[in-house]
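Visitor: Dropping a structure here in structure tokens format, bear with me for questions.
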Amino acid sequence: MAPLIAIADLEDPQVQELITFHQRAMLEGSPPGLSFALDLSGLQAEGVTVWTAHVGPRVAAIGALKRIDRTSGEIKSMRTHPEFLRQGLAAALLETIIAHARSLGITRLSLETGTGPAFEPALALYRRRGFANGPAFADYALTDFNQCLHLALA
């Protein structure tokens with residue numbers, strides 16, 4: 001069964017729970033001051049669009065697009081609930097985000113993420129889709145604990 005991808009209802013307790021889980025996991029996996037995951041207020045900001053993937057009645061995954069400027073965007077807050085890993089939810093969300101970015105005229109998608117074994121499944125997904133390591137963007141600085149990936153959209 002294909003997941004239902006929809007614009008997120010940020011008032012939904014399941015969505016808020018997954019955002020909180022994502023925040024907590026990123027803080028646990030990042031050195032102090034180096035987690036840039038958006039909290040609920042960040043996801044509610046102008047220029048941010050958030051989607052959820054549903055499996056039945058459950059919110060199983062979340063992902064967001066933050067518009068940086070007229071031609072560039074950033075993928076934010078990609079997280080699949082542990083009960084729903086390896087079911088294609090992140091890939092479906094990523095395709096939705098890419099399609100939306102294209103519809104907005106965005107020609108470059110970027111993301112900032114961590115390094116190390118915990119990030120390998122996400123990195124593999126992004127690389128399979130064509131993202132490649134590159135320079136820092138927006139307000140990020142590269143460290144031993146993070147990396148930036150970019151995808152040119154034709």
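The values are calculated or read from the model by the stated rules, or taken from the named source; none is laboratory data. Just so it is clear, the structure is predicted and the values come from calculations on it, not from any experiment. Cβ coordinates were reconstructed from backbone atoms using ideal geometry, including for glycine residues, and neighbour counts include every protein chain displayed.
Visitor: Please specify each residue of the range 12-46 satisfying the condition of being more than 14 Å from the chain's Cα centre (by Cα), under 21 Å from S110 (Cβ atoms) and either modelled with pLDDT of 95 or more or of a type in the set (A, V, I, L, M) (or both).
Guide: L34, A45
Visitor: I would also like to ask the following. So, P117, is that one closer than 24 Å to A53 by Cα, exposed (fewer than 14 other Cβ atoms within 10 Å of the Cβ), out of contact with any helix residue (DSSP H, G or I) (no Cβ under 7 Å at 6 or more places or on another chain) and modelled with pLDDT under 95 or not?
Guide: Answer is no for this residue.
Visitor: Quick one: which residue in T96, T20, T71 is out of contact with any Leu (no Cβ under 6 Å at 6 or more places or on another chain), free of Cβ contacts under 8 Å to residues at least 24 places away in the same chain, farther than 19 Å from N146 by Cα and among the β-branched types (V, I, T)?
Guide: On inspection, the qualifying residue turns out to be T20.
Visitor: Can you run down the residue pairs with Cβ atoms below 6 Å, 6 or more apart or on separate chains, where the first is in the range 126-145 and on the phi > 0 side of the Ramachandran plot and the partner is modelled with pLDDT of 95 or more?
Guide: Here the result reads G130/L151; A138/I68, each pair linking the range 126-145 to a residue that is modelled with pLDDT of 95 or more.
Visitor: So which of E95, E74 is crowded, with 18+ Cβ neighbours inside 10 Å, within 22 Å of A154 (Cα to Cα) and charged (D, E, K, R)?
Guide: None of the other options fit; the residue is E74.
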